[in-house]
Amino acid sequence: MKIELITQVQLEKILEEMREKSQKTGQDPYETYIEEIRKKRKTLPNVETFMEKHHICPKFEGGSDFDENLILLTVEEHIIAHWIRWKVFNKVQDEMAYRFRIGDTAEALKLRALAIQKARQRDKEERKGRYSSDYQSSMGKRGGIKGGKANTKAQFESRQKVGLTYGRQTGLSNQKSTMKEFLACFSIWAYSSNRSLKRKNKDLTDEIFILVSPKKAFVDVIQSLNKQVPNSIPLSQISSTYKLVYGTRPQMYGWRIVNKLIRSEFEDGIENFQKTYSNSPLILDEELLRDLELE
């Protein structure tokens, strides 16, 4: 059974209330709602309540990151704000922000934070990532520039030649058609810290979901995933994770691919995800957030 954080009926009722109040204030319903929240914010919610920053004038309309354009909202208030703004101004960005957030719950966001915490603890215990001896050694040597680190003009030009021959550009030109097709799509990924520790673990209650935008290279996809769950996929093992794309492995390092969506399938795909995983938020990768400016 689907458990909604806030129902359509409740949203419509709040919008109607804001419309009635806006007739007295001379503001539009969205501005009226923000003022209502500001009055409530004179006393902050319980310290355990999960709060998010909301841009009053969205970044996609030139809104700044200055304090006067930011307000703290609960998950529910954030959904309502985008809903009202969508209905008042009919902006597709607000509609998308609402649709992405409607499945969010404070509990789901806590699960994501817990998954990240577990990943960092695992790195610490296994001395991986920033806890590895190689990383610690490199940090200790940051004080001086030696050898190749001097980055002279000759060294820079030499690296360019090597990079063009063996690096990213060559890798892009050698991509298989299956990989090119995948990278051209939006992809929904799921991560379970339980499964990362034991491959056949069936407890997926801690699973979180990431929506990754189309990328030029698979390494860009992995970097997006690692930003959400730090060091979950070793960079030295990226080529082995191709198996996820080619379908020869259902999951690796706790990650699995839930779906891939071409642009024409995008909206229906998001709606289907919300129906299937009704209580799980769909987290957007940083590039998608920046491109759509959904804040």
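Things worth noting here:
- Among residues of the range 260-285, those that are out of contact with any Cys (no Cβ under 7 Å at 6 or more places or on another chain) and buried (at least 17 other Cβ atoms within 10 Å of the Cβ), counted: 11
- Among the residues of the range 177-213, just one is β-branched (Val, Ile, Thr) and assigned to a helix (DSSP H, G or I), namely Thr178.
- Glu271 being charged (D, E, K, R), assigned by TED's automatic domain parsing to the domain that holds Phe186, within 20 Å of Ala97 (Cα to Cα) and out of contact with any Pro (no Cβ under 9 Å at 6 or more places or on another chain): yes
- Residue ID - farthest from Trp255 (Cα to Cα), chosen from residues in the range 183-235 that are crowded, with 16+ Cβ neighbours inside 10 Å and of a type in the set (Ser, Thr, Tyr): Ser213
- Subset of the range 233-276 [touching a Ser or Thr at 6+ places or on another chain (Cβ under 7 Å) and of a type in the set (Ser, Thr, Tyr)]: Tyr246, Tyr253
- Of all residues making up the range 221-265, the number that are charged (D, E, K, R), in contact (Cβ under 8 Å) with a residue 40 or more places away in the chain and closer than 16 Å to Gln175 by Cβ: 1
- Looking only at residues of the range 85-112 that are assigned to a helix (DSSP H, G or I) and of a type in the set (Asp, Glu), we find that the one that is modelled with the lowest pLDDT is Glu107.
- Unique match (being part of a loop (DSSP other than H, G, I, E, B) and of a type in the set (Lys, Arg)) among Lys243, Lys227, Lys216: Lys216
The values are calculated or read from the model by the stated rules, or taken from the named source; none is laboratory data. All figures in this text were calculated on a predicted structure; none of them were measured in a lab. When we count neighbours, we look across all protein chains shown, and the Cβ atoms used for this are built from the backbone with ideal geometry, even at glycine.
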